[in-house]
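What follows is a single structure, and I will ask about it in a moment.
The values are calculated or read from the model by the stated rules, or taken from the named source; none is laboratory data. What you see is a predicted model; the values in this text were computed from it and never measured. Positions of Cβ are generated from backbone atoms using ideal geometry, with glycine treated the same way; all protein chains shown enter the neighbour counts.
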């Protein structure tokens, strides 16, 4: 165990540094060949899911990553959890680089970080009872644990997520979606982690169940002083749940801000459009900001600012120069030339 | 254990079985054939493996209901004077045994290679699947004929007759593993993408444990379905090989070799030596296939919901 | 007289030994050009209701009771031939997944022309003109080129626009939209919804919007029906329901939305889950989750109370009304 060094309270728990991830489009060799200028060239294409993301998760916070489908938010979650290898960049956990560790050295870190998945119907092994599912991580990380102790632990954790502990011998298909998601959370909590990545944990659930699961996650956060990386497309949940929000577009960060700041004064044009599009229970029809054009494909990324083809403020500089993430006067970080130059207030 | 039994009792599986007359009938016939053949030493009127109990004078006696029939031999006797009923009971036992063990071997090879190909992907996958393609481009019978003929030629018929049952299991088992490997690989590819696999990877489990403990149990339904069909296929392959004289020897006949041995006499009027084993073979293969079809219908749709 | 009137609709699904009742005594009406929202969680029966209106319930399900009166005729009793003149012509449907409507191997144009020619006596050239005009109406840029593309060449938002164009092709009087924007991103969702409302308004088409999203309902519809376990529990003008929901379920559903709580506080949750159709509790089906439950709720199915276009199925609301 590398637990000899004391975790410093001020250090970021997780640091994502200059992360990029691309997926090669697997095609046959012959399909990769193209004629170009009279010559036969081999062209390999790839989906650029993440393009240079820097993000720090502070100890004890809930950092939300929002964006629309295909913006790379789930890929970030998977790379952080070690389910995918980054193409470039690094992940640090509590000061230690983890993306290049061999599996055995990674184990002590693994038990500190857990993940909750989107689809409650696919995230539990249909052939294993709840008891077996919950036991597994505990047994794996504590090989010497006794059966009695294990059973007690399963009962306590099931109790804490609000699933009747007498149902341990049941199979996942005997539970509703909401209950399955609770069991999924229970599995993550079994090893007493300090960091949880939640990938759209409530988007497959019904409205009344969403509230239940969200409350449960907040309870767990308080009682166990957890840190969350919360991936979602639902901004109304973000406003409620997170301490800070990172908005992603085409695999890059557009804006990173305290939740309240972001909702009160969104700066990036994309963030503004997103926030204005949330359906609310208001009387009048919403006056949402219309975005023109289509989301470019992550196979051929646009030059300059990725958002420039849909942005009403875009000028020539936006088309060629990629904006860096810069600190603004209200504390939020925004990647936009317009904000930097003061063209956009 | 009681809970599993209860789950089974309440399951859609049992419910649909009870409602399906074809399934019930096939299952009953199969069970009847299996139990009769495996109880052969107890219930057969004669022991066809015992040369002392066979009298060559009893040869070619027609079934007992015919004029020249003998009440001792209800289904008549074959050219060597063996009681057809007893020989068929023993023969069915051999056919079923070869079918089952050949499929077990296929299962073992297919699961191991299919899991590896599906889970690891990449070069291992390409290599194993090309190997399967090559294997599939030779028909089972062709491979079996070549291998068995070479074996017979090089080690002599004597040794071959002693080892015939193992050779048949081995040859049929090895020749048909690609069926399994492909099915397993396809289900592994589908299961591998599901989030529960990611969940155990997050825990840190090794790939062996993930493959066998988590993915394999979820690919069992299609394996079960093709297994039934494969047992029928293996029995057919064995019968075909025996019919060609490359299968079980005459002194330990399977259904196939019985059909073969009677075939020479069919024109001289001894139709029963071929017909009865052929009927049993057809019945056996038919009920197994019917059960396989039924299983596929039951297990295929919506595995996750109810 | 309303354009579409559903009276006492009951839908059953025989499964194994028992029969599941997916819809119980569902009644509502839709006027010309009106926008009606049907809200409920998954399993509440809202999609079944939509399919039942077009008599599209898949076997083994069937309509066991009730009438669906559309322009004076009862759809529940119609022959398949008669139904075909209405379905896809007078009443059209938009699904959550555009690929339910679009055939991936045919160009958009082929599909639209085919659809037009089935219901109207038009030449191919004329049909193509109409199709292009409809594509322009749903704000698809350069419709002349898009019409010859295949569905997979379009983005999700574009596809849903094409589906809306197809739904409008035959100038129907009712469009049933089943979660039309759920699969789309928020920014596109808002655009599509706005477009749909605009088109329904300009061509005086009635819209039946089936959704789980109360936010969408509140912005789009004039009247709302809330469904729970196969039954209508509350019906009324949308604003009335959003601002002053009276049924404990509707109230709980609205209160559970994050925007109803201050940031960082616990959300107001409804305990428990909706019962599955084979285990609907006796009495009021909501009573196990209800804070106002009494003995009456546990034993007796509540009837409807309310006035002036408001209907609520709740004993607690009924007792309050009596006291006043």
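I'd like to verify a number: residues in segment C:58-75 that are within 24 Å of residue C:171 (Cα to Cα) and crowded, with 17+ Cβ neighbours inside 10 Å, how many? Spell out how you get there, then give the answer.
Step one: filter segment C:58-75 for residues within 24 Å of residue C:171 (Cα to Cα), giving C:68-75.
Next, only the ones that are crowded, with 17+ Cβ neighbours inside 10 Å stay: C:68-70, C:75.
Qualifying residue count for the region: 4.
Taking the conditions exactly as written (over 17 Å from the mean Cα position of the chain (by Cα), closer than 30 Å to residue A:135 by Cβ and modelled with pLDDT of 90 or more), does residue B:210 satisfy them or not?
Yes; evaluated as a whole, the condition is true for this residue.
Checking the condition touching a strand residue (DSSP E or B) at 6+ places or on another chain (Cβ under 8 Å) and in the same structural domain as residue A:72 (by TED's automatic domain parsing), which residue from A:188, A:204, A:211 passes?
Only one candidate qualifies: A:188.
OK, next. Might you check whether a residue that is more than 18 Å from residue B:236 (Cα to Cα) and part of a helix (DSSP H, G or I) occurs anywhere in segment B:59-74?
Going residue by residue through segment B:59-74, those that are more than 18 Å from residue B:236 (Cα to Cα) are B:59-74.
Those still in the list that are part of a helix (DSSP H, G or I) too: none.
No, the conditions are met nowhere in segment B:59-74.
Among the residues of segment A:59-68, write down those that are surrounded by fewer than 24 Cβ atoms within 10 Å (Cβ to Cβ), under 17 Å from residue A:271 (Cβ atoms) and within 14 Å of chain C (Cβ to nearest Cβ).
Once the filter is applied, which keeps residues that are surrounded by fewer than 24 Cβ atoms within 10 Å (Cβ to Cβ), under 17 Å from residue A:271 (Cβ atoms) and within 14 Å of chain C (Cβ to nearest Cβ), segment A:59-68 yields only A:68.
Here is a follow-up. For residue B:112, are the conditions met, namely being surrounded by fewer than 20 Cβ atoms within 10 Å (Cβ to Cβ), within 24 Å of the chain's Cα centre (by Cα) and farther than 19 Å from residue B:237 by Cα?
Details: surrounded by fewer than 20 Cβ atoms within 10 Å (Cβ to Cβ): yes; within 24 Å of the chain's Cα centre (by Cα): yes; farther than 19 Å from residue B:237 by Cα: yes.
Here the answer is yes, as residue B:112 does meet what is asked.
Residue by residue through segment C:277-297, note down the ones that are surrounded by 15 or more Cβ atoms within 10 Å (Cβ to Cβ), modelled with pLDDT of 90 or more and part of a helix (DSSP H, G or I).
Of everything in segment C:277-297, those that are surrounded by 15 or more Cβ atoms within 10 Å (Cβ to Cβ), modelled with pLDDT of 90 or more and part of a helix (DSSP H, G or I) turn out to be C:287, C:288, C:289, C:296, C:297.
Now a separate question. Only one residue in C:248, C:237 is at pLDDT 90 or above, more than 8 Å from chain A (Cβ to nearest Cβ) and surrounded by fewer than 20 Cβ atoms within 10 Å (Cβ to Cβ). Which one? Break it down stepwise before answering.
On the way: C:248 fails: surrounded by fewer than 20 Cβ atoms within 10 Å (Cβ to Cβ).
Only one candidate passes the filter, namely C:237.
To keep it simple, each residue is scored yes or no on (1) crowded, with 24+ Cβ neighbours inside 10 Å; (2) closer than 18 Å to residue A:78 by Cα.
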position: A:188; (1), (2): yes, yes
position: A:199; (1), (2): yes, yes
position: A:207; (1), (2): no, no
position: A:213; (1), (2): yes, no
position: A:272; (1), (2): no, no
position: A:280; (1), (2): no, no
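Before we move on, is residue A:230 within 21 Å of residue B:198 (Cβ to Cβ), touching a residue at least 24 places away in the same chain (Cβ under 8 Å) and more than 10 Å from every other protein chain (Cβ to nearest Cβ)?
Numbers: within 21 Å of residue B:198 (Cβ to Cβ): yes; touching a residue at least 24 places away in the same chain (Cβ under 8 Å): yes; more than 10 Å from every other protein chain (Cβ to nearest Cβ): yes.
For residue A:230, the condition - within 21 Å of residue B:198 (Cβ to Cβ), touching a residue at least 24 places away in the same chain (Cβ under 8 Å) and more than 10 Å from every other protein chain (Cβ to nearest Cβ) - is met.
Pull up segment A:174-194, narrow it to residues that are under 19 Å from the mean Cα position of the chain (by Cα) and in a loop (DSSP other than H, G, I, E, B), then point me to the one that is nearest to residue A:222 (Cα to Cα).
My answer is A:194.
Sticking with this one: Among the candidates B:42, B:14, single out the residue that is part of a helix (DSSP H, G or I), farther than 23 Å from residue B:274 by Cβ and within 14 Å of another protein chain (Cβ to nearest Cβ). Give the derivation first.
Working: B:42 fails: within 14 Å of another protein chain (Cβ to nearest Cβ).
Unique residue meeting the criteria: B:14.
While we're looking at this one, here's another question. So which helices (runs of 4 or more DSSP H) are wholly in segment C:178-276 and hold at least 1 residues that are within 30 Å of residue A:161 (Cα to Cα)? Please lay out each step first, then the result.
On the way: elements: C:186-202, C:214-220, C:238-243, C:248-255.
Where helices (runs of 4 or more DSSP H) fall fully within segment C:178-276 and carry at least 1 residues being within 30 Å of residue A:161 (Cα to Cα), they are C:214-220, C:248-255.
What helices (runs of 4 or more DSSP H) lie completely within segment B:117-210 and have 2 or more residues being crowded, with 22+ Cβ neighbours inside 10 Å? Even if it seems obvious, please write down each step before you answer.
Values: elements: B:122-137, B:140-175, B:177-192, B:195-203.
Here the list reads B:140-175, B:177-192, B:195-203.
Oh, and also: Mind listing just one residue for me: the one in segment C:88-113 that is assigned to a helix (DSSP H, G or I) and at pLDDT 90 or above and, of those, nearest to residue C:149 (Cα to Cα)? Step through it out loud before you land on a result.
Residues of segment C:88-113 that are assigned to a helix (DSSP H, G or I), as a first pass: C:98-100, C:108-113.
Subsequent filtering for residues that are at pLDDT 90 or above retains C:108-113.
Numbers: C:108: 6, C:109: 8, C:110: 10, C:111: 11, C:112: 12, C:113: 14 Å.
This residue is C:108.
Looking only at segment A:234-258, which residues are surrounded by fewer than 21 Cβ atoms within 10 Å (Cβ to Cβ) and more than 7 Å from every other protein chain (Cβ to nearest Cβ)?
Those that are surrounded by fewer than 21 Cβ atoms within 10 Å (Cβ to Cβ) and more than 7 Å from every other protein chain (Cβ to nearest Cβ): A:234, A:243, A:258.
For segment A:266-283, give me each residue that is in a helix (DSSP H, G or I) and either at the interface with chain C (Cβ under 7 Å from one of its Cβ atoms) or within 24 Å of residue C:214 (Cα to Cα) (or both).
Residues of segment A:266-283 that are in a helix (DSSP H, G or I), as a first pass: A:269-276.
Scanning segment A:266-283 gives A:271, A:272, A:273, A:274, A:275, A:276.
Considering segment A:307-345 alone, what residues qualify as being in contact with a helix residue (DSSP H, G or I) (Cβ under 9 Å, 6 or more places away or on another chain), touching a residue at least 40 places away in the same chain (Cβ under 8 Å) and part of a loop (DSSP other than H, G, I, E, B)?
If the condition is that a residue be in contact with a helix residue (DSSP H, G or I) (Cβ under 9 Å, 6 or more places away or on another chain), touching a residue at least 40 places away in the same chain (Cβ under 8 Å) and part of a loop (DSSP other than H, G, I, E, B), then A:307, A:311, A:312, A:313, A:328, A:330, A:331, A:332, A:336, A:344 are the ones that fit.
Looking for whichever is exposed (fewer than 14 other Cβ atoms within 10 Å of the Cβ), away from every other protein chain (no Cβ under 14 Å) and under 30 Å from residue A:240 (Cα atoms) here; the options are A:38, A:95. Which one fits?
Numbers: A:38 fails: under 30 Å from residue A:240 (Cα atoms).
Exactly one of A:38, A:95 is exposed (fewer than 14 other Cβ atoms within 10 Å of the Cβ), away from every other protein chain (no Cβ under 14 Å) and under 30 Å from residue A:240 (Cα atoms), namely A:95.
Something else about it: Condition (residue is within 13 Å of chain C (Cβ to nearest Cβ), assigned to a loop (DSSP other than H, G, I, E, B) and in contact with a helix residue (DSSP H, G or I) (Cβ under 8 Å, 6 or more places away or on another chain)) applied to segment A:119-132: is it met by at least one residue?
If we filter segment A:119-132 for residues that are within 13 Å of chain C (Cβ to nearest Cβ), which is where we start, we get A:120-121.
Remaining after also requiring assigned to a loop (DSSP other than H, G, I, E, B): A:120-121.
Adding the requirement that they be in contact with a helix residue (DSSP H, G or I) (Cβ under 8 Å, 6 or more places away or on another chain) leaves A:120-121.
Yes, segment A:119-132 contains at least one residue that is within 13 Å of chain C (Cβ to nearest Cβ), assigned to a loop (DSSP other than H, G, I, E, B) and in contact with a helix residue (DSSP H, G or I) (Cβ under 8 Å, 6 or more places away or on another chain).
OK, next. Here is a list of conditions, (1) facing chain C (nearest Cβ under 10 Å); (2) more than 19 Å from the chain's Cα centre (by Cα); (3) closer than 17 Å to residue A:121 by Cβ, and residue A:171 meets all of them except one; can you say which number that is?
The one condition residue A:171 does not meet is (1).
Sort out which residues of segment C:298-320 are exposed (fewer than 13 other Cβ atoms within 10 Å of the Cβ) and part of a helix (DSSP H, G or I), and write them in order of number.
C:299
So which of A:55, A:84, A:106 is in a loop (DSSP other than H, G, I, E, B), more than 14 Å from chain C (Cβ to nearest Cβ) and surrounded by 14 or more Cβ atoms within 10 Å (Cβ to Cβ)?
Result of the check over A:55, A:84, A:106: A:84.
Kindly establish whether residue A:263 is farther than 30 Å from residue A:300 by Cβ and more than 9 Å from every other protein chain (Cβ to nearest Cβ).
Details: farther than 30 Å from residue A:300 by Cβ: yes; more than 9 Å from every other protein chain (Cβ to nearest Cβ): no.
It is false that residue A:263 is farther than 30 Å from residue A:300 by Cβ and more than 9 Å from every other protein chain (Cβ to nearest Cβ).
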